[in-house]
1. For Phe2 and Glu122, what does the FRET efficiency come to when R0 = 22 Å and r is the distance between their Cβ atoms, rounded to the nearest 0.05?
2. With every protein chain present, what is the per residue accessible area of the stretch 1-153 (1.4 Å probe, Å²)?
3. Under a point spin-label approximation (7 Å from Cα along Cα-to-Cβ), what is the Arg103-Leu138 distance to one decimal in nm?
4. Between the stretch 75-130 and the stretch 14-34, how many Å separate their Cα centres?
5. If we count every other residue with Cβ under 13 angstrom of His6's Cβ, Lys/Arg +1 and Asp/Glu -1, where does the sum land?
6. Mind grabbing the accessible area of Arg116 for me, 1.4 Å probe, Å², rounded to tens?
7. Which percent, nearest 5, of DSSP beta bridges in the stretch 1-159 are antiparallel?
8. Of Thr126, Thr134, which has the most accessible area with a 1.4 Å probe, and how do the rest follow in descending order?
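The values are calculated or read from the model by the stated rules, or taken from the named source; none is laboratory data. On a predicted model such as this, the values are computed, not experimentally measured, just so you know. Virtual Cβ from ideal backbone geometry, glycine too; neighbours counted across all protein chains shown. Each accessible area value is taken on the protein alone, full model and side chains, heavy atoms only, with ligands, DNA and RNA left out. Shrake-Rupley method; radii C 1.70, N 1.55, O 1.52, S 1.80 Å.
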Amino acid sequence: MFRIGHGYDVHRLVEGRPLVLGGVEIPHTLGLEGHSDADVLTHAVMDALIGALGMGDIGQHFPDTDPAYKDADSMALLERVMIWVKRDGFRVNNLDATIVAERPKLGPFLGSMRERLAEAIETPPTQANIKATTTEGLGPCGRQEGMAAFAVVSLVGETVHGR
Ligand code: MG
């Protein structure tokens, strides 16, 4: 049993919000706007896992109209997705994710994000790759109107009983 999932998310940058990426709070003058903590990286990872399980998308499971998810800690929501991964007889083989952000420079924080996400998806950090790119000032991310994230995960069946 082998599965691949892909996730993509975008959030708007605004003043007066914390910037949380991969469960790591990053000092910056702007933060991501959203119903939950708007952790765009963790949302992309969750959507990739949900996709690999064939369970639709993040919005179906964690609707932004539900007050239960107001300011929710996305790492706690990721924990719930991991329960489904294991319930269906899978484990995460690897993750590769890309954050699209013009500023701040994310290089110094990528290691912490990798550690946090690797722990959450129960892989060694070497199998949870997190990278960041700018768009050279082009487009909404380049104009710092928002940040985006892409994630790809592979799952392997722990048993023969995957759905
Ligand atoms: Mg989102």
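1. It comes out at approximately 0.80.
2. Roughly 47 Å² per residue, with all protein chains present.
3. Once both label points are built, they end up 2.1 nm from each other.
4. 18 Å
5. Within the 13 Å Cβ shell, the charges total -3.
6. The accessible area of Arg116 comes to roughly 100 Å².
7. Around 80 percent antiparallel, to the nearest 5.
8. Thr126, Thr134
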